[in-house]
1. In the stretch 40-125, which trypsin sites (Lys or Arg not before Pro) are in a loop and have at most 15 other Cβ atoms within 10 Å, using DSSP for the loop call?
2. Among the listed pairs Lys99/Lys136; Lys47/Lys136; Lys77/Lys128, which are separated by more than 23 Å between their Cα atoms?
3. I need Ile78, Ile11 ordered by Cβ neighbour count within 10 Å, fewest first.
4. So for Leu133, Leu29, Leu53, fewest C-beta neighbours within 10 Å to most, what's the order?
5. Using DSSP to define loop residues, name the chymotrypsin sites (Phe, Trp or Tyr not before Pro) in the stretch 24-111 whose beta-carbon has at most 11 other beta-carbon atoms within 10 Å.
6. May I ask you to sort Met140, Met32, Met73 by Cβ crowding, counting other Cβ atoms within 10 Å and putting the fewest first?
Amino acid sequence: MSYVTKSPWIIHYDGSSCNGCDIEVLACLTPMYDAERFGIINTGNPKHADIFLVTGSVNEQNISVVKQIYEQMPEPKIVVAVGICATSGGIFRECYNVKGGVDTVIPVDVYVPGCAARPEAIIDGIVKGLDVLAEKHANMPKSSVSASDAAEEKVKDEDMAIEVRYYGKTAEELDEDIADERVSDAQSVKYYSSSDKDADDSGDKNNGKEEV
């Protein structure tokens, strides 16, 4: 775990499970098991994740979703299949619309069997996956490693970098957009103030007439 000195972020996707394994995944985040003591954080953005945690089998309708999430994750990355359905398809393996386990679509690094998988087993699988993540990082070309580290630091440490990643714009373009918005807001305030002033003037005149 020499490489994983920072918090490993995971993204959880439910393929087509009965929600039994999903409940156990949530249990890992409760104070009783406290997965965050390992620095594990659950994120909703695949571009910020290091670990892809999948529950449930893969069916014909979510194959593209699983592939898209996996492809959006930066290198190095690992996949953890949680539960017997994600591992091999489970009791749904022979269904007409089920492709099988997660490894039929994307490569899997760690298998956590069970129906449902216990929180202790899930945490143990993720911790073992960190060793695989460190090994993948060590085997990456130096240029790729430095670029990956720089991108990760930029996204996790700079708020503006997150905006750049979401909108695909450079920092300079974002500064220009923010400046334009401020000018637009200032003009709106100016026009609003002018209209209010005119309304107040007309109201004073009417009040004066009524008093007379």
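1. Arg93
2. Over 23 Å apart, Cα to Cα: Lys99/Lys136.
3. Ordered by Cβ neighbours within 10 Å, fewest first: Ile11, Ile78.
4. The most exposed by this proxy come first: Leu29, Leu133, Leu53.
5. Tyr96
6. Ordered by Cβ neighbours within 10 Å, fewest first: Met32, Met140, Met73.
Only the coordinates and a few stated rules stand behind these numbers; no lab work does. Just so we're clear, the structure is a prediction, and the values are computed from it rather than from any experiment. Reconstructed Cβ throughout: ideal geometry from the backbone, glycine too, with neighbour counts over all protein chains shown.
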